[in-house]
1. Applying the selection to region 437-457, what residues are assigned to a helix (DSSP H, G or I) and farther than 25 Å from residue 325 by Cβ?
2. Within region 86-114, which residues are part of a loop (DSSP other than H, G, I, E, B), under 36 Å from the mean Cα position of the chain (by Cα) and crowded, with 17+ Cβ neighbours inside 10 Å?
3. Tell me yes or no: at least one residue of region 550-559 is within 19 Å of residue 19 (Cα to Cα), surrounded by 17 or more Cβ atoms within 10 Å (Cβ to Cβ), within 22 Å of the chain's Cα centre (by Cα) and at pLDDT 95 or above.
4. Looking at residue 474 and the list (1) surrounded by fewer than 15 Cβ atoms within 10 Å (Cβ to Cβ); (2) modelled with pLDDT under 95, which single condition is not satisfied?
5. Quickly run through region 165-192 and pick out the residues that are closer than 17 Å to residue 213 by Cα, touching a residue at least 60 places away in the same chain (Cβ under 8 Å) and either in a strand (DSSP E or B) or touching a strand residue (DSSP E or B) at 6+ places or on another chain (Cβ under 6 Å) (or both).
6. Within region 229-246, does at least one residue satisfy the condition of being closer than 18 Å to residue 84 by Cα and in contact with a strand residue (DSSP E or B) (Cβ under 7 Å, 6 or more places away or on another chain)?
7. If you scan region 33-66, which residues turn out to be in contact with a strand residue (DSSP E or B) (Cβ under 9 Å, 6 or more places away or on another chain), farther than 17 Å from residue 580 by Cβ and at pLDDT 55 or above?
8. Pairs under 8 Å by beta carbon, first residue under 18 Å from residue 504 (Cα atoms) in region 458-476, partner part of a loop (DSSP other than H, G, I, E, B) and at pLDDT below 85, six or more apart or different chains?
C-alpha cells in the first residue's frame, strides 16, 4: 500500500495551486492596478518597464548559469571508443590472441555503425576452431539497431573450455569499436596480454574506456539509437538511418559530436545547450510582455525547474531544438506585434527573424509547423484588431500597410522557411552523390528532398504500434502518464530510472492559468492573453486529431505557453497585490522544491524503494517510479 504521505503530497500541491489561482482571480476582479507615477519611456502607467535593465541582465544570466551547471552535470561520459575496425563485407574476421590459454567468461564490445550478427569462434591452438552456437541458433554476439554506440555483452557458453584465440566474423559490412575480454576470474584481461592480428589493433587500443557495465551514461538509450546515430552518419556522408523527421535537429546535434567525439556527452551536448539558451529567450519574452523583472525572473525559474524541460533537453533527440525555435519565433512575433507601427524597420526585422525561426523549427521537426500556424493566427488577429480600432480617416493607411505586410510575409514565412528547410538536407547530399558547394541546385537533390517528405508523411500517417508508456493528449494536461526512458536495477536495493513529464506546478498551475487567460481573452479582449492562448492551442489541438501513438514529450512545446500563462498571473499580481512577493515566491519555491524531490527520476540517480514509495508514487497506476 502507498504511504499516507504519497497521497498527501499531490493533494497538498493541487490545493495550493487551486487556492493560489482563486486568490489571483479574486484580486484581478477586485483590485485596481497600482499606479507608480508618471509614465516613463519604455514603461507603462502601472509601473511596468519593458526596457532591459542591468538588474535584468544579472537575473537572467545568473539563472541561466545556474541551470547550465545543473543541466551539464552527470550528462554522460566524455569517453567512448573513437577508432573502429571496419568490416567491408560479411565473412571477414578479426582475430585476438591471448598471452596464455584460459577460459573466457565474458566479452564486452562497443558497436559502431551497421547491423548484423557476428559469428564467434574459439581455438586453443590457432588451427582447430569451434563455432559457438547457442540454443537459439545464434553465436551470442549481436549488433542490431538497438545496440549501436553502446556497450553490449556477448552471451557465452557457461561450460566453455580454455582457449587462446578468438575470432569475430562479420555478418555483413559493419563496424566494431572495442572489445573487452574477461578471464576465468571474471576480471578484465589487460590489453598487454592480448595480441590483435595485423589490422585489428582498433579493437584493443582504447581499453581505458571500458566500463564495468552498460548504463545510459556510457551509451545510447531510447530514441538516441536513432538520432545520435543519424547525426554521426550525416558527419560521415552516409545516408542516414532515421529519416522520419527533417534533418536540422540532427545536424545541430552533430556539432556536439564534432567537438567532443562520438560520446554520450558529445551527442547530448547541443541539446542541453539549447535548453540553457531557451531560458534567456523566455526571459526576454516575459520581460517584453509584462515589464516586470520579478515576473520575468520567476517565470523563467519555473521553466528552469520544469521536469520536461530538464529531462528532454538531456536526451539526444530532436525535441529540444524545435522547442528552442518555437520560443524564438514567438519572441520575435511578439516583438513585431508590440512594436509601434511607426517603427517600420524594427518591425520588419522582428518579422523576418520570426519567419527564420519558423523555418528552422519546421526543419527540425514537423511540430514546428503547428507552432507556425499559431503565428499565422496571431498575425491575422493583430491586423483585424488594428483595422477595427483604427479611426475612419486612418483605415485606408492601415489597409495599405496590411497589403504590404502580406508581401513581407510571403517572403519571410514562405520563401525563407522553404530555403531553410531545403538547405537543411545539405548533409544528406554526399551519400546520394550530390557534393560540392552547388549541390542544392542539382536536380537530383530536389527529388531527394521531395521523396523524403513523402516518406515522412506515409510513415507518420500510417504508424501502427503499441508502447507501454504511450499517452493521449488529455492525459498530458494533468500529468497523468509520463514516458519512462530508462530503467535499471543495480542489484543493491536501489533503482535508477527517469522519464519525461511536467513539474506538477507547471502542469496544474499552468492549466489553471490558461483557463484564467481564456476568461480574460474573451471578457477583456486582452492582447497578451490572446497571444498566449493561441500559441498554446496551436501546439496542442493538432494532437487532439492524431490517432496514432503519442507520448507525453509531445506536450513539451505547450510547456512554454504554460509558463507564459503563469508569467501573466505573476505580472498581474505584481500590479494589483500588495503581497505579490509572497505570492510569486511561494509558487516559484514550490516548483523548485518539487524539482529537488523528483531529481532522482529526472537525472537518473539511484534511489531506494522507500523513497519512491513515500515521495514519488503520486499516481499509483500510471507513474512508473
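1. Once the filter is applied, which keeps residues that are assigned to a helix (DSSP H, G or I) and farther than 25 Å from residue 325 by Cβ, region 437-457 yields 441, 443, 444, 447.
2. 112, 113, 114
3. no
4. (2)
5. Correct list: 177, 178, 179, 180, 181, 182, 183, 189.
6. No - not one qualifying residue is present in region 229-246.
7. Answer for region 33-66, where residues must be in contact with a strand residue (DSSP E or B) (Cβ under 9 Å, 6 or more places away or on another chain), farther than 17 Å from residue 580 by Cβ and at pLDDT 55 or above: 50, 51.
8. Once the first residue is under 18 Å from residue 504 (Cα atoms) and sits in region 458-476, its partners that are part of a loop (DSSP other than H, G, I, E, B) and at pLDDT below 85 give 475/622.
The values are calculated or read from the model by the stated rules, or taken from the named source; none is laboratory data. Since we're looking at a predicted model, the values are computed, not measured. Cβ sites come from the backbone with ideal geometry, for glycine too, and all protein chains shown count toward neighbours.
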